[in-house]
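The values are calculated or read from the model by the stated rules, or taken from the named source; none is laboratory data. Keep in mind the model is a prediction, meaning the values are calculated, not measured. Here Cβ is always computed from backbone atoms with ideal geometry, including for glycine, and neighbour counts include all displayed protein chains.
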Amino acid sequence: MISVKNLSHIYSNNDKLAINDISFEITKGETFGFLGPSGAGKSTTQGILTGLLKLQKGDVQVAGYDMNKVDNKRFNKIGVSFEQSNVYSKLTAKENLEFYSKLFDVPTRDPEELIKLVGLEGKENDRAGSFSKGMKHRLTFARSMINNPELWFLDEPTTGLDPTIAATIKNIINEQKAKGVTTFLTTHNMYIADELCDRVAFIIDGHIKLIDTPKNLKMQYGKKLVDIEYVDGNEVKKETLKLIDDKDKKRMYEIINNYTIQTMHSKEATLEEIFIQVTGRGLI
Amino acid sequence: MKLFSSYIKEMKIAARGFYFYIEIIFAVILLVILLVAVKEESISKDAEYLYNDIPSEVMTYLIEKDINEGKARIVEPTEFEMKPVTFEITNQETGEVTLYEFEEEKIITVETVERLDPETGKLTRTAYITDNEEDMIRLSYLEGQIGATTTMSADGEFSYKYYLQGYETERLVDLLYILHNESGEVLTTAMDSQVVRTIGTEQLLNNRENLLPMFIVFTGSLMGFFIVMAYIFLDKGEGVIKAFAVTPSAVWKYLISKIGVIMTTTLISSLVITIPVMGTSINYLLFLVFLIVTTFASSSLGLLVASFFDDMVKAFGIMYGFMIALMIPAFSFYIPSFDPVWLRFFPTYPMLQGYKEILLSNGDTGYVLIYSLVFLVGGLVLFALANLKFKKTLTL
Ligand SMILES: Nc1ncnc2c1ncn2[C@@H]1O[C@H](COP(=O)(O)OP(=O)(O)OP(=O)(O)O)[C@@H](O)[C@H]1O
Ligand SMILES: [Mg+2]
């Protein structure tokens, strides 16, 4: 569905490459997570894949179209949700979706149904200008589904939403996935990524560090982690140790022998911890 | 269908914002100014240029008589610097056109008489009396004021020839005769031997009608230029252009729907001003054609300018510059002697002239049609450029 080879991008007012020679493929029906800290180049990549940013260098194929010679008609099967919500504040939620649906040549979904789906029931006839940030974000998200896209771009779909609503959004994405929709998902949220994505890419400073399934990553990195809390003098200290690492093993014996243990849990590494291990950086 | 629903959406948004109302309210204010503050007829010309082709004794006698009656006083002669100029004069009675060409600059000193109101002693008008007819005609043209030649026949009858700018109304012309003659008897005589000439090829528009072209250009083209930019910046602020860019709909449809809104407001506001002033006396079809093409061209220009900037604040300087530049031709329109050639390259120049031709009962339809074509082509070019630029700059 998407094939990217040696893609680089630079903004005219910025002398550093925003994207630096990245390559990846996304197959039909796959949910692909693009994970990385702020400024990593996630939105820039989505911008190029959707054609909002001009392709400067590299080979990019999206939904059967070469991004060097694009055709607007491809958007009949593509849906895009933006990082920054962008709806007409002077139009009501329903008018926003109704108007948008008329721009497509394919059958579109019922605006009211979509509004309900994202939990904005009862707000159909309120102007988007009166919405909170999260509500606008949900409306933008709902809009991206209006043309029943086969290929779906989601830039931070859950950022800034409270956990219940984030869970709703997650379920919607899951439903779409069950219908065979291919999704390019950009996020900071590793839990969402972990649950939704077939594969994830770690991107940092414009480079892709690795691409794998969450499951493989967990097997490979820090399968056996131990969280250990102990008392040292008056202080309670906490350490996370890898059971496969000799140095960490020694450290564990040391702690057990010298201090009073308060708690000790073995666990699987989260995607976030793996990200930190791989890139040496946090996600925020 | 996409285009139409875009247009409907834009109209909804416009109707819920304030720019739409600004334009209409502005038009209503201008209309009120026209109807209340601008008198249809006016004799407020405060200067006149005279050449007296009569024996000097008679002249001296007449002036002294006026002075004694408290109707005039002689003041210091005035010096005029007359620039080279070329113009035409049409004889209203015969239709004969005379071309005047003055190639040299000339400095003259002319006798100056102030006309007073005999009751209050207040200055009403200043008369400049030249010693030859050519100087009088040239001054009258350059200063944009009334000129007159007085001649006396062998049997002592006066006759007058008036040189008008073309915008004085007939009633004003009648009043002039009264000003120049003391008794009704003389007036009739004068009327009989009257030849009124109009400087330039211009027909008569009254003061109110004469202001109309400027007001229409103002509420139509200039406001259109400004407001289309405002709409684009509103959308840029909300990021909705990006949402539009990921639909199968073409960017030009988005742009055209913006112009459609401007066109709608301009039609309303221009007709609000024009209908009450002109009634049914003009060719509205021609008017609408010209209005539509000029609005198309100026809002396309607005789109193009807007495509270079992210927000109103950044665009403000250049926008202001454009607005001022586009307003300059209005000066020439009302000051006949200020008409440098470079001014004709300002698009508002032919706009003003075009509206004037439309308002005139026997205006030059050919001129209007030719410029309609020019504006249409120019507008299409600007629109195409704006479209290209917008396609390129839909950045994240
Ligand atoms: N319009 C722009 N002009 C100049 N530089 C930009 C622009 N947009 C992004 N950048 C730069 O490109 C790099 C990548 O930005 P991008 O927005 O793709 O990051 P991101 O991964 O989406 O971050 P976030 O998680 O904050 O959304 C950053 O260094 C950023 O400063
Ligand atoms: Mg981003």
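Does at least one position in the range B:340-357 carry a residue that is of a type in the set (A, V, I, L, M), away from every other protein chain (no Cβ under 14 Å) and farther than 23 Å from B:Met223 by Cβ? Checking the range B:340-357: at least one residue is of a type in the set (A, V, I, L, M), away from every other protein chain (no Cβ under 14 Å) and farther than 23 Å from B:Met223 by Cβ. For the range A:149-160, the tally of residues that are within 16 Å of ligand 2 (Cβ to nearest atom) and either assigned to a loop (DSSP other than H, G, I, E, B) or free of Cβ contacts under 8 Å to residues at least 24 places away in the same chain (or both) stands at 5.
The listed residues are A:Leu217, A:Leu151, A:Leu161, A:Leu241, and the only one of them that is modelled with pLDDT of 90 or more and in contact with a helix residue (DSSP H, G or I) (Cβ under 7 Å, 6 or more places away or on another chain) turns out to be A:Leu151.
Given the criteria more than 16 Å from A:Ala201 (Cα to Cα), more than 14 Å from chain B (Cβ to nearest Cβ), more than 13 Å from ligand 2 (Cβ to nearest atom) and buried (at least 17 other Cβ atoms within 10 Å of the Cβ), does A:Gly58 qualify? Criteria met by A:Gly58. All told, A:Thr164 meets the bar of being polar (S, T, N, Q), more than 19 Å from A:Phe82 (Cα to Cα) and in the same structural domain as A:Thr108 (by TED's automatic domain parsing). When the range A:161-187 is limited to residues that are more than 14 Å from every other protein chain (Cβ to nearest Cβ) and within 13 Å of ligand 2 (Cβ to nearest atom), the one that is nearest to A:Lys116 (Cα to Cα) turns out to be A:Leu185.
When A:Lys57 is tested against (1) among the basic types (Lys, Arg); (2) in contact with a Ser or Thr (Cβ under 6 Å, 6 or more places away or on another chain); (3) within 12 Å of ligand 1 (Cβ to nearest atom), only condition (3) is not met.
Using the structure shown, decide if B:Glu134 is under 22 Å from B:Leu62 (Cα atoms) and modelled with pLDDT of 75 or more. Taking the combined requirement at face value, the residue does not satisfy it. Checked against the criterion of being out of contact with any Ser or Thr (no Cβ under 8 Å at 6 or more places or on another chain) and small (Gly, Ala, Ser), the range B:19-35 has no qualifying residue. In this structure, does A:Lys5 turn out to be within 22 Å of A:Ile173 (Cβ to Cβ), touching a Ser or Thr at 6+ places or on another chain (Cβ under 7 Å) and either within 15 Å of ligand 1 (Cβ to nearest atom) or not acidic (Asp, Glu) (or both)? Taking the combined requirement at face value, the residue does not satisfy it.
The residues of the range A:185-199 that are assigned to a strand (DSSP E or B) and more than 14 Å from ligand 1 (Cβ to nearest atom) amount to a single one, A:Arg199. Please verify whether A:Leu49 is modelled with pLDDT of 90 or more, within 16 Å of ligand 2 (Cβ to nearest atom) and closer than 25 Å to A:Phe202 by Cβ, treating the condition exactly as stated. In short, yes.
Of the numbered conditions (1) at pLDDT 85 or above; (2) under 27 Å from B:Ser56 (Cβ atoms), B:Glu104 fails exactly one; give the number of that condition. Going through the list (1) at pLDDT 85 or above; (2) under 27 Å from B:Ser56 (Cβ atoms), B:Glu104 breaks only (2).
Yes or no, residue by residue, for (1) within 16 Å of ligand 1 (Cβ to nearest atom); (2) surrounded by fewer than 21 Cβ atoms within 10 Å (Cβ to Cβ); (3) not assigned by TED's automatic domain parsing to the domain that holds A:Asn189:
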| site | (1), (2), (3) |
| --- | --- |
| A:Lys28 | no, yes, no |
| A:Thr31 | no, no, no |
| A:Val80 | yes, no, no |
| A:Asn96 | no, no, no |
| A:Asp105 | no, yes, no |
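From the list A:Gly51, A:Gly64, the lone residue that is within 16 Å of ligand 1 (Cβ to nearest atom) and either of a type in the set (Gly, Ala, Ser) or out of contact with any strand residue (DSSP E or B) (no Cβ under 6 Å at 6 or more places or on another chain) (or both) is A:Gly51. Among the residues of the range A:188-202, those that are under 20 Å from A:Val62 (Cα atoms) and either out of contact with any Phe, Trp or Tyr (no Cβ under 6 Å at 6 or more places or on another chain) or within 15 Å of ligand 2 (Cβ to nearest atom) (or both) comprise A:Cys197, A:Asp198, A:Val200, A:Ala201. Please work out if A:Ser38 is within 11 Å of ligand 2 (Cβ to nearest atom), of a type outside the set (D, E, K, R), under 19 Å from the mean Cα position of the chain (by Cα) and surrounded by fewer than 16 Cβ atoms within 10 Å (Cβ to Cβ). The answer is yes for A:Ser38.
Of the residues making up the range A:18-35, those that are away from ligand 2 (no atom under 13 Å from the Cβ), closer than 26 Å to A:Gly180 by Cα and either among the acidic types (Asp, Glu) or touching a Phe, Trp or Tyr at 6+ places or on another chain (Cβ under 8 Å) (or both) are A:Phe24, A:Glu25, A:Ile26, A:Glu30, A:Phe32. Selection within the range B:67-78: residues that are of a type in the set (A, V, I, L, M) and touching a helix residue (DSSP H, G or I) at 6+ places or on another chain (Cβ under 9 Å). The member of this set that is surrounded by the fewest Cβ atoms within 10 Å (Cβ to Cβ) is B:Ile74. Every test in (1) crowded, with 21+ Cβ neighbours inside 10 Å; (2) touching a Ser or Thr at 6+ places or on another chain (Cβ under 9 Å); (3) modelled with pLDDT of 90 or more is passed by B:Val381 save one, and that test is (1). So is B:Glu64 surrounded by 12 or more Cβ atoms within 10 Å (Cβ to Cβ) and modelled with pLDDT of 80 or more or not? Against the criterion (surrounded by 12 or more Cβ atoms within 10 Å (Cβ to Cβ) and modelled with pLDDT of 80 or more), B:Glu64 qualifies. Is it true that A:Ser12 is more than 16 Å from ligand 2 (Cβ to nearest atom), within 14 Å of chain B (Cβ to nearest Cβ) and either closer than 17 Å to A:Ile211 by Cβ or not in a strand (DSSP E or B) (or both)? Taking the combined requirement at face value, the residue satisfies it.
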